[in-house]
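Bear in mind these aren't lab numbers, they're just calculated from the coordinates by the rules spelled out. This structure is a prediction, so every number in the text was calculated from the model and none was measured. Heads up, the Cβs are rebuilt from the backbone with ideal geometry, glycines too, and the neighbour counts pull from every protein chain shown.
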């Protein structure tokens, strides 16, 4: 069974701070996605990383895929209250996704 | 484009009752998925359908059945609901061999 571990589980910060959340596995994935989920809604795809060592930027969000394609990180610069939500990583293999349990981020104004 | 739609949005069942959760997508996606999301457990795959006419078990299939009615629609049935099936259920779809999934808004099910 492939497992994805996310850390931290909870994170509460002030507006303007930087943060990094991590997604780690002992398994190799074909690709890795990050999703954001707001209360009462379904997850929304933020980014897909495919190549080991790949770095993608989405405005203030920077995503990195580990060289061995087993881990990933999400870095947010100058967090804003609108960044509040549950951040989920998901690894793709055999046409299915395995999800981590998520990092619940709260950005306080 | 409505994307992925799910009905109903909320449902309360008594133990032993049955119901079907409906999911439809208008993006011409080949693959469709059913997940449940419980506090502290993340999203767990119940069943999936890689293409029209095929279905496969996921991580937690017990107590559920599915039907891929056509390319657009994928339903999830609870034959005899149990309190352990209280959860939020999400349907998702993806195009071809892509892992980029698009999710519906969810169905919040309570079994008493």
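Looking only at residues that are under 11 Å from the mean Cα position of the chain (by Cα) and in a strand (DSSP E or B) in segment A:93-104, which one is farthest from residue A:71 (Cα to Cα)?
This residue is A:104.
Give the residues of segment A:4-35 that are facing chain B (nearest Cβ under 10 Å) and either outside any strand (DSSP E or B) or touching a helix residue (DSSP H, G or I) at 6+ places or on another chain (Cβ under 6 Å) (or both), sorted by residue number. Outline the logic, then answer.
From segment A:4-35, those facing chain B (nearest Cβ under 10 Å) are A:4, A:6, A:9, A:29-33, A:35; that's our starting set.
Correct list: A:4, A:9, A:29, A:30.
Return the residue satisfying two criteria in turn: it lies in segment A:36-65 and is within 17 Å of residue B:4 (Cα to Cα) and facing another protein chain (nearest Cβ under 8 Å), and of such residues it is surrounded by the most Cβ atoms within 10 Å (Cβ to Cβ).
Across segment A:36-65, the extreme among qualifying residues is A:43.
Of the residues B:12, B:111, which single one is surrounded by fewer than 14 Cβ atoms within 10 Å (Cβ to Cβ) and over 14 Å from the mean Cα position of the chain (by Cα)?
Numbers: B:111 fails: surrounded by fewer than 14 Cβ atoms within 10 Å (Cβ to Cβ).
Result: B:12 is the single residue among B:12, B:111 that is surrounded by fewer than 14 Cβ atoms within 10 Å (Cβ to Cβ) and over 14 Å from the mean Cα position of the chain (by Cα).
Among the strands (runs of 3 or more DSSP E) confined wholly to segment A:44-92, which include 1 or more residues that are touching a strand residue (DSSP E or B) at 6+ places or on another chain (Cβ under 7 Å) and within 23 Å of residue B:95 (Cα to Cα)?
Numbers: elements: A:44-49, A:55-58, A:61-65, A:71-76.
Counting at least 1 such residues, we get A:44-49, A:55-58, A:61-65.
Residue-wise test of (1) away from chain A (no Cβ under 14 Å); (2) closer than 22 Å to residue A:44 by Cα; (3) not in a strand (DSSP E or B).
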residue: B:16; (1), (2), (3): yes, no, yes
residue: B:20; (1), (2), (3): yes, no, no
residue: B:45; (1), (2), (3): no, yes, no
residue: B:51; (1), (2), (3): no, no, yes
residue: B:54; (1), (2), (3): no, no, yes
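Quick test for you: out of B:99, B:33, pick the one residue that is closer than 22 Å to residue A:32 by Cα, at the interface with chain A (Cβ under 10 Å from one of its Cβ atoms), in a loop (DSSP other than H, G, I, E, B) and touching a strand residue (DSSP E or B) at 6+ places or on another chain (Cβ under 8 Å). Spell out the reasoning first.
Working: B:33 fails: in a loop (DSSP other than H, G, I, E, B).
Being closer than 22 Å to residue A:32 by Cα, at the interface with chain A (Cβ under 10 Å from one of its Cβ atoms), in a loop (DSSP other than H, G, I, E, B) and touching a strand residue (DSSP E or B) at 6+ places or on another chain (Cβ under 8 Å) holds for just one of B:99, B:33, which is B:99.
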